[in-house]
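One structure below.
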Amino acid sequence: MPVQPAPVVDVGIPAHGRPRFVSEAVESVLAQRFDAWRLVISEDGPSGGPVAEAVAPYLDDPRVHYSSTGTRAGAAANMTALINSGSAPYVALLHDDDRWAPGFLGRRVEFLERHRECGLVFGRSLFIDEHGNRIGGRSPALPPGIHLPARFVPAMLRRNIVPVETVLVRRSAYEAVGPTFDGRFPHIYDYEMWLRIGARFPVGRLDVMDAEWRRHGAQSSYDGHERGAELLAFFEHAEQLVARELPALRIPERRRRYVRGRRLLTAGLDAVQRGDRAIAAGYVRDAVRTWPPLALNPRLALALASTACGRRGHHVLRAVRYNARRNGLRLPF
C-alpha cells in the first residue's frame, strides 16, 4: 500500500445521534477537488451506534477515521478534541448535518497560502432544509477581502458574522489563542473562538456561497434552551477580551448600550417563557434603562402579552421564538 502524504487540512466532523445526515457531510468531504486532507468523525458519546454504522462504509478510505469520546462530553469539548487530533497546517470543522461544495477546501487553502497574515478565512453559507432543499441565505456583514482586528471585532460584537461551516483556520492561529473552545458558552462557543482569533489576526472573507447550513428541528439552535444569560455572559467576556487584546480600540458607548440592552431583553423573554415573572421584570427594566428605544420594541410587547396570558402565553412565546429561529427571521428572539 502506498504511503499517504501528510495532510494539508485536518477536517473534523463532530457527530451526536444524527446518522440521517452524517453520510451527506462525509460525502461532501470526499467530493472535494482538493484531496490533501484527513477526516475524523468524532461521536460525542459511546461508540458503536447508528452514527458508527453510517460512517463504516467510508472507512476503507485511509484518509477517513472514526472515533468517539466514550461518554457525553458536549459539543465544545468534542470540537476541541477534533482540533487537537491532527497536526496539519489547516483545520476545518463541518457539523454532521451540513455540507460543502467540491471547491470549498481548495479555495480556502489557496487564500491562506497567499495571505499568510490571516488567521482564518470564511465565506457565506446557504440555508437548506432537512431534505436538502435550498431555502435562502444571510446577507454578509462585511465586504469580501481582508479585515484587520479593528474592523472585524466591532462587527463581531454586534452578532456572530462567521458561519462555522464556512471556516478554514490556520493551526498556528488556534495555537496562538488557545486551541480550546470555551465550554462556558455551550451554544456559542464558535462565536467566542472566532472573536478570539479575529482580535489577534487579520481575517479573510470570501464572496462565495460554497457551504450549506441545514436548518431542522433537531439542531441545538432550536432545542428550546434559553440563550439570554449565556449571551449576557459572553458580552462581558468579549469586552474583557477586547480590552486585553486591543486596548486602543474604542467601541462607541451607544453601540455597547444597544447590544447589551437587546441581550437583556432576550434574557427577559427567556424568563417569561419559564414563567419567572419577577426575574423577567428585572431584565426588561434593565434593558429599557440600558437602551430606552427598546420600550417601543415589539419584543417587549410580546413579553408583556405572554406574561398576561399566563401558561398559555408562555407556550405561544416559545413557539414564536422557535419558528423565528428556524425560518431565519432577523428577530433576535
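Just a few scattered comments:
- Going by neighbour counts of Cβ atoms within 10 Å, the residues MET209, MET156 line up, fewest first, as MET209, MET156.
- Contact order relative to length of the chain, as percent, for alpha carbon pairs under 8 angstrom and 6 or more apart: 15
- The residue list ALA31, ALA211, GLY228 was ranked by how far each Cα lies along the charge dipole of the chain toward its positive end, using unit charges on Cβ atoms, and GLY228 comes out on top.
- Relative contact order of region 223-270, defined on C-alpha pairs under 8 angstrom at six or more residues apart (%): 70
- Rounded if a/c under 1.5, otherwise prolate or oblate - region 99-155, Cα gyration tensor axes: oblate
- If R0 is 30 Å, the Cβ-Cβ spacing of ALA229 and ASP35 corresponds to a FRET efficiency of close to 0.10.
- Cα shape, region 9-222, gyration tensor, a/c 1.5 rule: rounded
- Relative to the Cα centre, the charge distribution of region 9-222, modelled as +1 at Lys and Arg Cβ and -1 at Asp and Glu Cβ, gives a dipole magnitude of about 860 debye.
- Sorted ascending by nearby beta carbons within 10 Å, beginning with the fewest, THR71, THR266 become THR71, THR266.
- Largest mean-square fluctuation among ALA92, ALA31, ALA248, in a Gaussian network model of the chain whose springs join Cα atoms under 10 Å apart, belongs to ALA248.
- The spacing between region 122-195 and region 241-259, judged by their C-alpha centroids, is 19 Å.
- Degrees separating the helix 310-326 axis from the principal Cα axis of the chain, which is the longest one: 40
- Cα long-axis angle, helix 149-158 against the chain (0 to 90 degrees, to the nearest 10): 50
- Relative to the longest principal axis of the Cα atoms of the chain, the long axis of helix 189-198 lies at roughly 80 degrees.
- Positive-end ranking of LEU265, VAL169, LEU93 along the dipole of the chain, with charges on Cβ about the Cα centre, is headed by LEU265.
Where a number appears in this text, it was derived from the coordinates with a stated rule and is not lab data. Fair warning: this is a prediction, and the values are worked out from it, not measured in the lab. In this analysis, Cβ positions are derived from the backbone assuming ideal geometry, glycine residues included, and neighbour counts consider all displayed protein chains.
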